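Encoded as structure tokens, the structure appears first; notes follow it.
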Amino acid sequence: MQNPNERTAWHEQARQLSIDTRALIGGARVELQGSARFDSVNPQDGSIIASLVSASQVDVDAAVASARQAFSQGCWSQLSPHQRSRTLLRLADQIEQHREELALLDSIEMGMPVSTSLPDIAVASGIVRGVAERVGTLSEQLLPSAPDTLALNLRVPHGVVAAITPWNFPLYVALAKVVPALAMGNSVVLKPSELASLSCLRLGDLALAAGIPAGVLNVITGLGGQTGRLLALHEDVDCLSFTGSTATGRLLMQYAGQSNLKALLLECGGKSPQIVLDGLDDLDGLARALVQGFVWNSGQVCVSGTRILVARALYQPLLDRMVGLMEAMRGGDPLQAATQLGPLASEAQLRRVGTMVEAARSRGGRIATGGAPDRDAGLCHYRPTLFTDLPHGDALMQEEVFGPVAGLLAFDTPEQALQLANDSRYGLSATLWTRDFALANRMARQVRGGPVTVNAVASPGPSYAMGSSVEPAGASGFGVEGGTAGLLAYTRAKSLHFRLA
Ligand code: ADP
């Protein structure tokens with residue numbers, strides 16, 4: 001049962017939000033000069049939350065110049081890792097103090113239920129703490145040398161890092177890029193998705209409050225094809241870190257090539273397998289986890305497990321249970337504390353998901369449940385949808401849908417499962433379900449994907465906070481995120497040679 005008081009409390013808080021849409025450049029909130037504008041729209045009811053400016057060339061130049069100036073002055077880049085670490089820990093405190101406001105901003109802008117966005121902010125602040133603690137433990141490497149020489153391997157910051165981020169976990173993904181970049185001494189220009197900019201703008205304020213010097217973190221709003229493109233083409237951006245679609249990732253590689261060969265870190269699309277091996281008994285729990293694995297955040301998760309490959313003996317019992325669970329799921333208002341399933345982030349995304357589902361249906365895919373919007377739940381809701389009888393080569397089994405849509409397929413041997421799992425142009429992540437740990441270990445090493453999760457729903461956040469490092473493969477992109485290697489990704493290798501005599 002929903003608690004009506006709870007509902008009032010979150011809606012009341014949302015009404016009281018004071019929203020500042022101005023960009024953060026050089027340590028101050030400023031009006032952008034761009035003439036193009038866009039609206040932030042609540043996908044639950046279509047209400048307009050705010051109207052924002054899309055940063056133009058002049059604005060992008062100003063943000064990059066501010067980041068460059070701060071970097072060159074050394075107010076942050078020349079601090080010791082311990083000094084930066086202390087400030088980042090204060091940033092984590094700030095995020096925790098403002099967690100309800102940040103969670104609420106993400107929820108109203110892209111529809112993530114507060115039941116998801118609140119814990120997500122907690123995971124995000126855990127990442128900030130993890131990075132802050134790790135950065136003080138990195139060491140420079142003294143090389144073996146003769147008595148009259150001294151040689152060192154160093155890692156130095158790139159300089160100006162641009163971060164272009166998506167709408168599916170607006171604050172979390174931004175932090176997962178901005179914080180390692182800052183930790184290593186870079187200055188940053190963050191451009192969040194045009195669908196969900198507000199929590200990132202607040203992040204800029206919180207960074208200042210934590211003591212990150214003016215100009216070190218700049219946040220500009222804008223449309224991908226304008227502001228994002230200008231950042232990616234900018235001659236004075238040294239490194240571009242991106243999470244989003246593979247189509248945009250391809251463009252960014254071109255822009256980097258057309259401009260200054262900036263370093264790239266790209267986390268693009270995924271079509272991740274969930275492999276269920278024979279011999280499991282808690283089928284109710286397993287069915288719940290499999291559904292959660294692709295319905296969480298309405299399927300708008302890069303590591304969503306949308307190709308569900310099941311040992312033939314378990315196929316029918318799992319299908320029955322999954323359909324039962326999915327039919328019992330109700331989408332709801334993201335600002336009700338009990339809601340687990342929110343809307344898709346926009347009407348465009350709803351149309352995209354609907355089109356892909358209809359096309360697969362017309363190719364002969366059988367829809368075991370779902371396959372339609374859920375207007376009763378709100379403007380952009382789509383029913384959790386499960387396909388059967390689709391060949392593995394079908395576009396729905398090969399292309400990212402970014403909605404609560406998966407396909408179920410039976411296999412006969414673990415070798416066949418592995419072959420199917422790796423039959424994808426993507427290579428982002430994978431989940432295995434089994435009691436046979438020797439087999440799990442073997443398959444986990446061979447399956448394509450950065451994070452491989454065994455017997456749990458894939459969710460990279462907590463393991464990043466623990467220090468795990470992952471890198472996508474194929475059309476999912478490249479560049480390490482998380483852990484020590486994820487910090488080094490925001491640096492360049494450099495060596496020093498001293499002749500002492
Ligand atoms: P999705 O909408 O699926 O998250 P996108 O790749 O469209 O994926 O968007 C991710 C981020 O990339 C957003 O911040 C968006 O504004 C930005 N973006 C989109 N198109 C471009 C582009 N041509 N150049 C640079 N950035 C872009």
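The values are calculated or read from the model by the stated rules, or taken from the named source; none is laboratory data. Fair warning: this is a prediction, and the values are worked out from it, not measured in the lab. So basically every Cβ, Gly included, is an ideal-geometry build from the backbone, and we count neighbours across all protein chains shown. Keep in mind that these areas ignore ligands, DNA and RNA; they rest on the heavy atoms of the full protein, side chains included. Shrake-Rupley method; radii C 1.70, N 1.55, O 1.52, S 1.80 Å.
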Please determine, by comparing only the residues of region 332-350 that are of a type in the set (A, V, I, L, M, F, W, C) and over 19 Å from the mean Cα position of the chain (by Cα), which one is nearest to the ligand (Cβ to nearest atom). A348
If F294 passes every condition in (1) open to solvent by less than 10 Å² (accessible area, probe 1.4 Å); (2) part of a helix (DSSP H, G or I); (3) in contact with a Gly (Cβ under 7 Å, 6 or more places away or on another chain); (4) within 15 Å of the ligand (Cβ to nearest atom) but one, which one does it miss? (4)
Odd one out for D278 among (1) open to solvent by 40 Å² or more (accessible area, probe 1.4 Å); (2) within 16 Å of the ligand (Cβ to nearest atom): (2)
In the set V173, V179, which member is away from the ligand (no atom under 16 Å from the Cβ), at pLDDT 95 or above and within 14 Å of the chain's Cα centre (by Cα)? V179
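Table: residues versus (1) in contact (Cβ under 8 Å) with a residue 60 or more places away in the chain; (2) open to solvent by 10 Å² or more (accessible area, probe 1.4 Å); (3) touching a Leu at 6+ places or on another chain (Cβ under 6 Å); (4) closer than 15 Å to V178 by Cβ.
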{"site": "S54", "(1), (2), (3), (4)": "yes, no, yes, no"}
{"site": "V60", "(1), (2), (3), (4)": "yes, no, yes, no"}
{"site": "A63", "(1), (2), (3), (4)": "yes, no, no, yes"}
{"site": "S72", "(1), (2), (3), (4)": "no, yes, no, no"}
{"site": "C75", "(1), (2), (3), (4)": "yes, yes, no, no"}
{"site": "S80", "(1), (2), (3), (4)": "no, yes, no, no"}
{"site": "Q97", "(1), (2), (3), (4)": "no, yes, no, no"}
Given (1) more than 22 Å from S429 (Cβ to Cβ); (2) not assigned by TED's automatic domain parsing to the domain that holds V457, number of the condition D282 does not satisfy: (2)
Among the residues of region 235-254, is there at least one that is open to solvent by 40 Å² or more (accessible area, probe 1.4 Å) and touching a Lys or Arg at 6+ places or on another chain (Cβ under 8 Å)? yes
Would you point out which residue out of A162, A124 is touching a Cys at 6+ places or on another chain (Cβ under 9 Å), among the aliphatic types (A, V, I, L, M) and under 21 Å from S193 (Cα atoms)? A162
Test result for G244, within 16 Å of the ligand (Cβ to nearest atom) and under 19 Å from the mean Cα position of the chain (by Cα): yes
Please enumerate the residues belonging to region 391-408 that are surrounded by 21 or more Cβ atoms within 10 Å (Cβ to Cβ) and out of contact with any Asp or Glu (no Cβ under 8 Å at 6 or more places or on another chain). L396, M397, E400, V401, F402, G403, P404, V405, A406, L408
For region 247-273, pairs from a residue that is of a type in the set (V, I, T) to a residue that is modelled with pLDDT of 95 or more and in a helix (DSSP H, G or I), with Cβ under 8 Å and 6 or more apart or across chains, are T248/G224; T248/G228
